[in-house]
Each structure stands twice: as structure tokens, then as C-alpha cells.
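Worksheet: the structure to be examined is printed underneath.
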Ligand SMILES: Nc1ncnc2c1ncn2[C@@H]1O[C@H](COP(=O)(O)OP(=O)(O)O)[C@@H](O)[C@H]1O
Ligand SMILES: [Mg+2]
């Protein structure tokens, strides 16, 4: 009799075969789909072997049948326009774009370690040391994107992935827009602000000006969302509320930043959050994030990045390594 494992394996093979049959175009491009690795609101993301590049890639697929008109005529072309030009160590590398009568496929670098959200869920929260490393990488990516006159508009833990060497990569530029003004040379100021009126992203990551449904500047909203990512890494929960009610959310925001009881963080990181979770006029911009005192520690730490990777920083071992060791001990 066939064991459960064998029948599961053959069911999976059958599923993959059927999937490949449904997407013959991928095969003709040398892409052999292995499994589903993610689901977004409008997309499926698959892990695939790229026979030409001789490595794994991620393929984001959007069906033209289910995608709405706005997505097809506005957001997909914008995402492509933006990701094509972005080249940064902390932004997922775009490889290829394929369009058929029924599907859009985006081929990109594959991030082996999954999303930041998955990691936080697994570890409940991250140490300040590990948060500092990831946050500095995210701030690096954000500064680069903003300097190019682009806003991401959907920064959240599900849109941040980690590769095999634990390096952070920003993904999902589906809501990105050009703010038209590229700022001065140092990238510190946006001389003529560009206002957007489309609500993008998730409520928990939305700044008060975005929640107020008035025209807003998209780049400062990215900084606020980055602050939410920082808070979620440190405390394993969103800073204001999980409520889907905008009025409730705005009420929580108006009460100001609160450090959950029983949690201790450095004065530097607390000060940074207090400079992010403020009205738009007073908020740090992406370039200023990089210069705050907490982030200066990250600059010093990058000198010992190799140590981090080898698990000798932060009390002798990184949390990632610790989880992996714990997992290994369980088996
Ligand atoms: N390059 C990648 N490597 C690994 N996983 C990815 C990659 N791109 C996307 N994913 C996974 O797929 C999910 C959905 O992808 P995303 O681009 O955010 O789609 P959507 O625009 O529909 O939100 C992500 O949250 C993540 O889990
Ligand atoms: Mg997404």
C-alpha cells in the first residue's frame, strides 16, 4: 500500500505538472516551477528553477482574468517602470517580464529565507541588535528609492524578504509611484512636493495624513511605514492598533508612541521612533534616518557584519542562528 508520504509526494508532483501545463510559456522561457511561495492580494508567487540562469528565481504571476482594470492599466505598468531601473543590494533584483494573453509574469531574484513577517512570527520579536542590522538595510533601500524620485507606498513586513545570507530585500513595487520631484543633490529635501490621492498600503502601516484621506506626500508616508516595521521588529506588534477602523487608529496615533510594558530598548531607538511618529512636517526623511545616532551604531556594526553572519555578534550568537539551532535540536 502507498504510504501517506508517497501519496502526498505524487499529489504534489501532479499539482506541479498540472501547473506547468497551465503555464507553458514559463517552460519555453526555461522556467520550471517548483512550488508556491507566496500569495498577495492579486498575485501568486512561485519558486522556479531558471535553466538559463542556472539558479532559483521567484516568478510573480498575475492573471488578467482576475486582475481589475486599475491594476492592468495603472499599477502593473508602474511597477515594471520602477523595478526595471532599481539596482540596489537591498532591493530584490528584477530579471525579466513576460506577458501572455492571460497572464503577467515577473521573474526576479529568489529570497530563500521568506518574509520578515514570517521571521518575526517565528521569533515573536527580534533583538534590538538584529533589528538595527535589518533597519539600516531597509533605510538604505528607502533612501536610494526616494533619491530616485520614487515612493514605494506599501512598505510592510510582508513586503520585505531575506535571502540565504540573511540580507534584507525590499519587494513589491506594485503601488510605487514617481513623485516627479527628485530633491536636491544630497536628497535631503523635496523642493516641490508631489501630492497623491490614492490610498495605498495597509492600515496598520498608514500615517495619519494618509488615514485622513486628504492629498498626501507619498515619501514621508514611506518613512512612517518604515517606523512601523521598526516597531514590529522590536515588539512583535503594531505600534498603534490593529483596528480596521480609521477613526480608532487615528485616536491611538494621537495618543503618541507607547513602549509596551516589560520591554526595554535603548534611548537612541526610542528617540528615533519619536522622530518618525510625528506629523509630516516634523518627520525625519529617509536620508536623515541614516544619520540618526542609533543608525550610526549600525555603520560601526557593518564593520563586523561578517561576525554577524558567522553568529558571533550580539551576545555571541545571532537570533537567526539561534532559531536554526533550536529547530535543529527539535529534530
Ligand atoms: N523574490 C521573492 N522571494 C521570495 N518570496 C517572495 C518574493 N517575492 C514575493 N515573495 C512572496 O510572495 C508574497 C507576495 O508577493 P508580492 O510581490 O508582495 O505580491 P502582492 O503585490 O500581491 O502583494 C510576498 O509577501 C512573499 O511572501
Ligand atoms: Mg505584497
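Coordinate-derived values only; no laboratory data. Computed from a predicted model, the values in this text were never measured in an experiment. No Cβ is skipped: glycine too gets one built from the backbone with ideal geometry, and neighbour counts run over all protein chains shown.
Rank the residues 235, 173 as a footprinting-exposure proxy: fewest other Cβ atoms within 10 Å of their Cβ go first. Mind showing how you got there, number by number?
Values: 235 20, 173 27.
Listing 235, 173 from fewest to most nearby Cβ atoms yields 235, 173.
Which FRET efficiency value, to the nearest 0.05, is calculated for residue 73 and residue 158 with the Förster distance at 22 angstrom and r the Cβ-Cβ distance?
Values: r = 25 Å, r/R0 = 1.13.
Using R0 = 22 Å, I get an efficiency of 0.30.
Which order results if 105, 95 are arranged by neighbouring Cβ count within 10 Å, fewest first?
On the way: 105 20, 95 16.
Ascending Cβ contact count within 10 Å gives the list 95, 105.
Please arrange 270, 79, 261, 6 by counting, for each residue, the other beta carbons lying within 10 Å of its beta carbon, fewest first. Present the calculation step by step, with values, prior to reporting the outcome.
Details: 270 14, 79 22, 261 5, 6 10.
With the sparsest Cβ surroundings first, the list reads 261, 6, 270, 79.
Which three lengths, in whole Å and largest first, does the range 37-176 cover when its Cα atoms are put on their principal axes?
Projected onto the principal axes, the Cα atoms of the range 37-176 cover 48, 34, 28 Å.
Which value, in Å to one decimal place, does the Kirkwood hydrodynamic radius take for the range 110-167 when every pair of different Cα atoms is included?
The Cα-based Kirkwood calculation yields 12.3 Å.
How big is the equivalent ellipsoid of the range 90-236 along its three axes, where each semi-axis is √(5λ) from the Cα gyration tensor, reported in whole Å from largest to smallest? Working shown, then result.
On the way: eigenvalues 115, 87, 49 Å².
For the range 90-236, the ellipsoid semi-axes come out as 24, 21, 16 Å.
If each residue of separation counts as 0.36 nm, what is the full-extension length gain between residue 247 and residue 54 once their alpha-carbon separation is subtracted?
On the way: separation 193, 0.36 × 193 = 69.48 nm, distance 5.09 nm.
My answer for the length gained is 64.4 nm.
Between residue 32 and residue 64, what FRET efficiency comes out of the Förster formula 1/(1 + (r/R0)^6) with R0 = 22 Å and r the beta carbon distance, rounded to 0.05? Provide the component values of the computation, followed by the final result.
Details: r = 23 Å, r/R0 = 1.04.
That gives a FRET efficiency of 0.45.
So for the pair residue 4, residue 213, with labels modelled 7 Å out along Cα→Cβ, what separation do we get in nm?
The two pseudo-label positions are separated by 5.0 nm.
How far apart, in nm, are two points set 7 Å out from the Cα along the Cα-to-Cβ line at residue 93 and at residue 117?
Once both label points are built, they end up 2.7 nm from each other.
Counting just the Cα atoms, what span does the range 143-299 cover along each of its three principal axes? Round to the nearest Å and put the largest first.
In descending order, the Cα extents are 44, 39, 31 Å.
May I have the pair-distance distribution P(r) for the range 81-124, computed from all Cα-Cα distances with 10 Å bins from 0 and rounded to whole percent?
Once binned at 10 Å, the Cα pair distances of the range 81-124 give 22, 37, 29, 11, 1.
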